[in-house]
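Enquirer: Could you have a look at this structure, given as structure tokens, before my questions?
The values are calculated or read from the model by the stated rules, or taken from the named source; none is laboratory data. None of the values given here were measured: they were computed from a predicted structure. Methodologically, a virtual Cβ is constructed for each residue, glycine included, from the backbone with ideal geometry; neighbour enumeration extends over all protein chains shown.
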Amino acid sequence: MKKMLALILTLAMLLTAFAIPAASAEGKGKILYLSNLNSGAQYEFYVAYLNMMAEKLGYTVEVVYADGYNDPAGNLKNVKNAYTSDVVGLIATQDGGLINIMEEYPDLWVVGFFSDFDAVYTKDDSGAYIGTSAGVLEKDHYLGLMGDNFISGIALGEAYAQEVIDRGFKRVATCIFPAYAYPKHTVADSGFRAYIEKYNETAAEPIEVVGDATVLNFSALDNNTYFFEDGHDNLDCIVGFCAGTTFIYPSVLEAKAMGICNPDMKIITGGFDNDPDLMADCGDDKNIIRLTTAAFESIIWPMAMIDAAISGTMYPDYPGNKDQLDSGIMVINSTEKFNAVINNSPMGATNNEDRLGKALASWDDMKDYFITVNPDATWKALTEYCQSFAVEGYMK
Amino acid sequence: MTAMVHEKEKQTPAQWLKKHGSSVASIGGLLFCLIFFTITTGIKGESIWSASKLSTLIGDVIVTALMAVGAVFIYSLGNMDVSIGKQVGLYSTLLVLVGNATGSLLIAILVCLVIAVIIGVINGAAGELLHMYSVISSVVFMMVLSGVSTIIYSNLGTRNISMNPGISLTLFRQPWFMVLVLAIEYAVIGYFFYFTKFGKYARAIGANQLATSQSGVNIILYRVIPYMFLAVCLVTASLFQMGYTGAASDSTGTGFEMNVMVSLILGGMPLKGGMKSRLSCAIIGSLTFSLLAVGLPIIGVPTNMTFIIKAAIFLVVVLITCRQKTGPLPR
């Protein structure tokens, strides 16, 4: 009996110890951040940066983990569980169930960030939106989306193709996630091939794109088969439109160790990973020669938008058409740039003070883009500012 | 009889607690959560008993509870079904696809029931017929259904599908209807579990299959029937899972088998099955699990800490309820 009592008291203490004080009654309310990440350098920075901005503006921020698979019911349930009476806004990085969340909480202001939001923006052949959450586009309280680097798959494909051309590679192959899950990858792949084909029309030595894109079904590149397929043993480069740091890089390392692929083969891909071993293998003469990711500081945009909406002072030039917007784009494609990101950006920081100190924009830099701070602020200037962040900023 | 009553009277509180430790821990845990969150959410200016939070709580608990009630039958056999999540995913998908194609939710439910019963029969019989642990056949189904789901969504060219607005799902989002269906399911399954030979034989098989077999019980038949009860419960749960958002995705149901297992353990279900299996474990455990999910964010516990707290509570309950000298794991 004593043991039982001790256990119950311990649990009570544990629960109480983790409870933190309620938000100030004088604050402007709580903003939920539905995060598709739950750890890592990007996650730590986004949370710290949002908290900094929220504090300056009079809000609190609470992180809600999005469903690990973007399941509509999972996202709805997670938001409902975290919802308290003082919640006024939602910054969403996943779109599964977004329409259900907005129907459940019609007064909630919602803005999207760091995702393509295919469930909202997928179109049919006639151009009509047909995604399961497309209904949010009809809602006044949905404020739009600043996506994950290039919104256009074609633009992404062409950017990677130009990198291949600039590097002088002659035999390349591509990897994508399944089209039903990531339609942009398929579009990017076709954009890549079209660009290379056009280049080949005038090139003295054409570039060969070996085979069709390899579809990775959310599992790593299978080096038991991939490098034994025709032409894959002698590639100059693998272009991964999928998350290559996770799904391609480890397999390439193993393949090189086994001697079943070109030892000088390189990887061009997207995303960011702050694993020290992986980052040490990024650079001109390393395995990963290019990473493309959303500019970290672009998260200013959703915060500014939601602050304007909550405060009832929307930007006068806000178009209201809710089109997807490119974020700032980090093209990390040289040793110098990799070093700059590792050493000078928030991604290399170990505490929040350092993270905020290394960000490209401090509160003083960004505050004039918030209409609640500067009545002359415009949506156009805010958007251009958030799209202007680039890796070169860390090199100054 | 007199001797039994006399013996009962002689039982000391310590002996009683030792005998009923599992029930005390599970019910005590639920009561503790209720009292704790009633007080602490009040301090925060919120209330776990507000209409909106009760609705959230019921919405959170319903699918897990519906599945867990059916799963009690399986766990009482000493078995475990790890294909539960993938089954719910498939049925949710089929409800949308067949519902949209036929314009009738009833036809979609019937299609799901037929498939669920077939899977249940194979799942229940395979272990005994092929002389392997029953969990193995459920692992096979988990993988097969995962593949089927991938094929379906690949062919559809999307990760999410939604029900045609012409089919109203409003009823499945009403808390009163959720409670009503759960109560009916509990009553029906409870009747079969406690008052018919289906439940008694299932528990007897869990307690001692050899003795049960030598008593003339058809082991295959009484192993299959619990899976058919589970099949009906899973289709019911899928209705609410899909009805919650009116949509299904390639990931619907992922991890649900773990939710069921955690809920049953939190509810005090003996993993070995047998005569001590109780249907109430499903409700107590699901409610405790959901109370933590709903209550912790209200009192300001950061999301990343909620997992640690849930794990700590789970560990404590397991230490109290599940320690066995031999063979604690289901087969």
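Enquirer: Identify all residues within segment A:373-396 that are assigned to a loop (DSSP other than H, G, I, E, B) and surrounded by fewer than 22 Cβ atoms within 10 Å (Cβ to Cβ); write none if there are none. Even if it seems obvious, please write down each step before you answer.
Expert: Our first condition is that a residue be assigned to a loop (DSSP other than H, G, I, E, B); within segment A:373-396, this holds for A:373-378, A:388-390, A:396.
The answer is A:373, A:374, A:375, A:376, A:378, A:388, A:390, A:396.
Enquirer: Another question, if that's okay. Kindly indicate whether residue A:192 is over 19 Å from the mean Cα position of the chain (by Cα) and not in a loop (DSSP other than H, G, I, E, B). Even if it seems obvious, please write down each step before you answer.
Expert: Details: over 19 Å from the mean Cα position of the chain (by Cα): yes; not in a loop (DSSP other than H, G, I, E, B): yes.
Yes.
Enquirer: Restricting to segment B:41-80, and then to whatever is assigned to a helix (DSSP H, G or I) and hydroxyl-bearing (Ser, Thr, Tyr), can you tell me which residue is farthest from the other protein chains (Cβ to nearest Cβ)? Give the steps one after another, and end with the answer.
Expert: Here is the first cut: in segment B:41-80, the residues assigned to a helix (DSSP H, G or I) are B:41-43, B:51-76.
Among the residues that remain, those that are also hydroxyl-bearing (Ser, Thr, Tyr) are: B:41, B:52, B:55-56, B:64, B:75-76.
Numbers: B:41: 9, B:52: 8, B:55: 8, B:56: 5, B:64: 11, B:75: 24, B:76: 26 Å.
Looking at the filtered set, the residue picked out is B:76.
Enquirer: Could you tell me whether any residue of segment A:179-195 is within 14 Å of chain B (Cβ to nearest Cβ), among the aromatic types (Phe, Trp, Tyr) and touching a Lys or Arg at 6+ places or on another chain (Cβ under 7 Å)?
Expert: If we filter segment A:179-195 for residues that are within 14 Å of chain B (Cβ to nearest Cβ), which is where we start, we get A:179-187.
Remaining after also requiring among the aromatic types (Phe, Trp, Tyr): A:180, A:182.
Now restrict to residues that are touching a Lys or Arg at 6+ places or on another chain (Cβ under 7 Å): A:180.
Taking every residue of segment A:179-195 in turn, at least one turns out to be within 14 Å of chain B (Cβ to nearest Cβ), among the aromatic types (Phe, Trp, Tyr) and touching a Lys or Arg at 6+ places or on another chain (Cβ under 7 Å).
Enquirer: Can you pull out the residues in segment A:311-328 that are in contact with a Leu (Cβ under 7 Å, 6 or more places away or on another chain) and outside any loop (DSSP other than H, G, I, E, B)?
Expert: A:324, A:325
Enquirer: State all residues of segment A:156-188 that are touching a helix residue (DSSP H, G or I) at 6+ places or on another chain (Cβ under 7 Å), in a helix (DSSP H, G or I) and among the small types (Gly, Ala, Ser); if no residue qualifies, say none.
Expert: Answer for segment A:156-188, where residues must be touching a helix residue (DSSP H, G or I) at 6+ places or on another chain (Cβ under 7 Å), in a helix (DSSP H, G or I) and among the small types (Gly, Ala, Ser): A:157, A:161, A:188.
Enquirer: Go through segment A:274-293 residue by residue and tally those that are within 21 Å of residue A:161 (Cβ to Cβ) and not in a loop (DSSP other than H, G, I, E, B).
Expert: 7
Enquirer: Can you find a residue in segment B:174-197 that is touching a helix residue (DSSP H, G or I) at 6+ places or on another chain (Cβ under 9 Å), surrounded by 18 or more Cβ atoms within 10 Å (Cβ to Cβ) and assigned to a strand (DSSP E or B)?
Expert: So far as segment B:174-197 goes, no, none of its residues is touching a helix residue (DSSP H, G or I) at 6+ places or on another chain (Cβ under 9 Å), surrounded by 18 or more Cβ atoms within 10 Å (Cβ to Cβ) and assigned to a strand (DSSP E or B).
Enquirer: Please enumerate the residues belonging to segment A:237-270 that are assigned to a loop (DSSP other than H, G, I, E, B), crowded, with 23+ Cβ neighbours inside 10 Å and out of contact with any helix residue (DSSP H, G or I) (no Cβ under 7 Å at 6 or more places or on another chain). Let's see the steps before the verdict.
Expert: Within segment A:237-270, the first condition is being assigned to a loop (DSSP other than H, G, I, E, B), and the residues that meet it are A:241-243, A:248, A:259-265.
Filter once more, so that each one left must be crowded, with 23+ Cβ neighbours inside 10 Å: A:241-242, A:248.
The one that is assigned to a loop (DSSP other than H, G, I, E, B), crowded, with 23+ Cβ neighbours inside 10 Å and out of contact with any helix residue (DSSP H, G or I) (no Cβ under 7 Å at 6 or more places or on another chain): A:248.
Enquirer: What number of residues within segment A:63-73 satisfy the criterion of being within 29 Å of residue A:52 (Cβ to Cβ) and in contact (Cβ under 8 Å) with a residue 12 or more places away in the chain?
Expert: Looking only at segment A:63-73, we keep the residues that are within 29 Å of residue A:52 (Cβ to Cβ), and these are A:63-68, A:70.
Still in the list and also in contact (Cβ under 8 Å) with a residue 12 or more places away in the chain: A:63-67, A:70.
Number of matching residues: 6.
Enquirer: A further question on this structure: Under the condition of being within 18 Å of the chain's Cα centre (by Cα) and polar (S, T, N, Q), which residue from segment A:130-156 is farthest from residue A:111 (Cα to Cα)?
Expert: Ranking the candidates gives A:152 first.
Enquirer: I'd like to check something: does segment A:144-167 contain any residue that is in contact with a Ser or Thr (Cβ under 8 Å, 6 or more places away or on another chain) and without any contact (Cβ under 8 Å) to a residue 12 or more places away in the chain?
Expert: Scanning segment A:144-167, I find no residue that is in contact with a Ser or Thr (Cβ under 8 Å, 6 or more places away or on another chain) and without any contact (Cβ under 8 Å) to a residue 12 or more places away in the chain, so the answer is no.
Enquirer: Test of understanding: among A:71, A:86, which residue is acidic (Asp, Glu) and crowded, with 24+ Cβ neighbours inside 10 Å?
Expert: Values: A:86 fails: crowded, with 24+ Cβ neighbours inside 10 Å.
Checking each option against the conditions leaves just A:71.
Enquirer: Outside any strand (DSSP E or B), over 25 Å from residue A:184 (Cα atoms) and within 10 Å of another protein chain (Cβ to nearest Cβ): which single residue out of A:70, A:81, A:38, A:100 fits that description?
Expert: On the way: A:70 fails: over 25 Å from residue A:184 (Cα atoms); A:38 fails: over 25 Å from residue A:184 (Cα atoms); A:100 fails: over 25 Å from residue A:184 (Cα atoms).
Answer to the selection: A:81.
Enquirer: I'm checking my understanding of the structure. Among residues of segment A:336-391 that are touching a Gly at 6+ places or on another chain (Cβ under 7 Å) and modelled with pLDDT of 95 or more, which one is farthest from residue A:308 (Cα to Cα)?
Expert: So, considering only residues that are touching a Gly at 6+ places or on another chain (Cβ under 7 Å) and modelled with pLDDT of 95 or more, the one farthest from residue A:308 (Cα to Cα) is A:390.
Enquirer: State which residue is surrounded by the most Cβ atoms within 10 Å (Cβ to Cβ) when the search covers only segment A:195-214 and only residues that are among the hydroxyl-bearing types (Ser, Thr, Tyr) and part of a helix (DSSP H, G or I).
Expert: The extreme case among them is A:195.
Enquirer: Next up: Just to be sure I understand, how many residues within segment B:205-237 are more than 14 Å from residue B:117 (Cβ to Cβ), small (Gly, Ala, Ser) and in a helix (DSSP H, G or I)?
Expert: In the first step, residues of segment B:205-237 are kept if they are more than 14 Å from residue B:117 (Cβ to Cβ); the result is B:205-223, B:237.
Subsequent filtering for residues that are small (Gly, Ala, Ser) retains B:206-207, B:211, B:213, B:215-216, B:237.
Of the ones still in play, those that are also in a helix (DSSP H, G or I) are B:206-207, B:211, B:213, B:237.
The number of residues fulfilling the criteria is 5.
Enquirer: Another question, then. Kindly provide the set of residues from segment A:222-242 that are in contact with a Ser or Thr (Cβ under 7 Å, 6 or more places away or on another chain) and within 12 Å of residue A:177 (Cβ to Cβ), ordered by number.
Expert: Across segment A:222-242, the qualifying residues are A:240, A:241.
Enquirer: Now a separate question. Does residue B:98 satisfy being of a type in the set (Val, Ile, Thr), surrounded by fewer than 24 Cβ atoms within 10 Å (Cβ to Cβ) and under 28 Å from residue B:159 (Cβ atoms)?
Expert: Details: of a type in the set (Val, Ile, Thr): yes; surrounded by fewer than 24 Cβ atoms within 10 Å (Cβ to Cβ): yes; under 28 Å from residue B:159 (Cβ atoms): yes.
Yes: the conditions hold for residue B:98.
Enquirer: Follow-up question, since we're still on this one. If you go through segment A:215-236 one residue at a time, do you hit one that is polar (S, T, N, Q), assigned to a helix (DSSP H, G or I) and in contact with a strand residue (DSSP E or B) (Cβ under 8 Å, 6 or more places away or on another chain)?
Expert: Yes, segment A:215-236 contains a residue that is polar (S, T, N, Q), assigned to a helix (DSSP H, G or I) and in contact with a strand residue (DSSP E or B) (Cβ under 8 Å, 6 or more places away or on another chain).
Enquirer: Could you check residue B:216 against (1) away from chain A (no Cβ under 14 Å); (2) surrounded by 14 or more Cβ atoms within 10 Å (Cβ to Cβ) and say which number it fails?
Expert: With (1) away from chain A (no Cβ under 14 Å); (2) surrounded by 14 or more Cβ atoms within 10 Å (Cβ to Cβ) applied to residue B:216, the lone miss is (2).
Enquirer: Would you be able to say whether some residue in segment A:365-372 is β-branched (Val, Ile, Thr), surrounded by fewer than 17 Cβ atoms within 10 Å (Cβ to Cβ) and part of a loop (DSSP other than H, G, I, E, B)? Break it down stepwise before answering.
Expert: Here is the first cut: in segment A:365-372, the residues β-branched (Val, Ile, Thr) are A:371-372.
Next, from what is left, pick out any that are surrounded by fewer than 17 Cβ atoms within 10 Å (Cβ to Cβ): none.
So far as segment A:365-372 goes, no, none of its residues is β-branched (Val, Ile, Thr), surrounded by fewer than 17 Cβ atoms within 10 Å (Cβ to Cβ) and part of a loop (DSSP other than H, G, I, E, B).
Enquirer: Quickly run through segment B:253-294 and pick out the residues that are surrounded by 24 or more Cβ atoms within 10 Å (Cβ to Cβ), assigned to a loop (DSSP other than H, G, I, E, B) and within 12 Å of chain A (Cβ to nearest Cβ).
Expert: B:253
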